[in-house]
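The values are calculated or read from the model by the stated rules, or taken from the named source; none is laboratory data. Since this is a predicted model, take the numbers as computed values, not measurements. With ideal geometry, Cβ positions are generated from the backbone for all residues, glycine too; neighbour counts draw on all protein chains shown.
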Amino acid sequence: MNRVYFRLLIVILLFTNCTEKSNDSTKTEVPVSAKKKSEFEKIKLKELNGNSLDLHQYKGKTIFINFWATWCKPCIQELPFIAKAMEKIKDEEVVFLFASNEAVEEIEEFRKNHSYKFHYVQLENLEELNIMTLPTTYIFNPDGQLVFSEMGYREWDTKSNIDVILNAGK
């Protein structure tokens, strides 16, 4: 008897959800693109002191965000190349951020044991960004649009890779 009621319920639900298009002019359809947040808007970062970091403060500059972890061997191998790239383009309008979702204590410990002059930040929402591989790099143009996204290791100090960074601002 329960199966009969269950099947009847399924049939009723199927038919009640099939309705004709409404001609109600008071309803406003919102385009899908307007509902979806951009990657720029999705990223939630904190300074290591706990203060929120708003990416909008860097509008007008190219933003290079490297998502990494202290335990990630390819991440650690990539860092010297990023440091060299930073040095080569230090006079350009490029902001470099190094985002890890690890505990602040772990990031601080790494910072103390390495001489990189990086702007380390804590990422609060790695899963929401659908980042599946570390390292991952995002580059946003000065208008906050994601113009480069790559999962994996790269030697950022080569001319062609520095051009990737610099061309993001154009």
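Restricted to the stretch 34-80, and to residues there that are touching a Phe, Trp or Tyr at 6+ places or on another chain (Cβ under 6 Å) and of a type in the set (Val, Ile, Thr), the residue that is farthest from Glu92 (Cα to Cα) is Thr70. Only one entry of Phe6, Phe15, Phe40 meets the criterion of being assigned to a helix (DSSP H, G or I), at pLDDT below 95 and crowded, with 16+ Cβ neighbours inside 10 Å, and that entry is Phe40.
Suppose we filter the stretch 54-101 for residues that are within 18 Å of Lys159 (Cα to Cα), assigned to a strand (DSSP E or B) and in contact (Cβ under 8 Å) with a residue 40 or more places away in the chain; how many remain? Qualifying residue count for the region: 3. Being buried (at least 17 other Cβ atoms within 10 Å of the Cβ) and under 22 Å from Ile139 (Cβ atoms) is the filter here; which residues of the stretch 90-114 pass it? Scanning the stretch 90-114 gives Val94, Phe96, Leu97, Phe98, Ala99, Ser100, Asn101, Ile107. Tallying residues that are part of a helix (DSSP H, G or I) and exposed (fewer than 12 other Cβ atoms within 10 Å of the Cβ) within the stretch 115-170 yields 4.
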